[in-house]
Amino acid sequence: MVAKGTRAAKGLINLWATDRGTFPVVMLVGFAMTAALGNCVRHLMSNPDVCVTKAKRDNFLHYSEEQGAEWQSKRRSLATIQKNVINQTFEDEDAK
């Protein structure tokens, strides 16, 4: 057991860096932040509802029906990777 005096003398960074349980937490938080940032960038760049350019903001109809269908098809392909009771209803719409 480490004496209290030695732990109190260490700074916060040194105390965290010497604990072995810290590294999995830091790696997990780093992975989660990277995944969240990637998802944000993907939506900002390819979602038809996001209006970054002035030309898109001036138009009330932000995107065409083809752009909306393309965005929805990407979402649907991820949802139907494996068949189950919930996603089997998409088969009729995909056949059109």
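Return the residue satisfying two criteria in turn: it lies in the range 58-83 and is part of a helix (DSSP H, G or I) and charged (D, E, K, R), and of such residues it is modelled with the lowest pLDDT.
Filtering the range 58-83 for residues that are part of a helix (DSSP H, G or I) and charged (D, E, K, R), the one modelled with the lowest pLDDT comes out as ARG76.
List the pairs whose first member sits in the range 23-50 and is farther than 19 Å from GLN72 by Cα, whose second member is of a type in the set (Ser, Thr, Tyr) and surrounded by 10 or more Cβ atoms within 10 Å (Cβ to Cβ), and whose Cβ atoms are under 7 Å apart, counting only residues at least 6 apart or on separate chains?
Listed by first residue and then by second, the contacts come to nothing, as the list is empty.
The values are calculated or read from the model by the stated rules, or taken from the named source; none is laboratory data. Since we're looking at a predicted model, the values are computed, not measured. Every residue, glycine among them, receives a Cβ derived from its backbone with ideal geometry; neighbour counts consider all protein chains shown.
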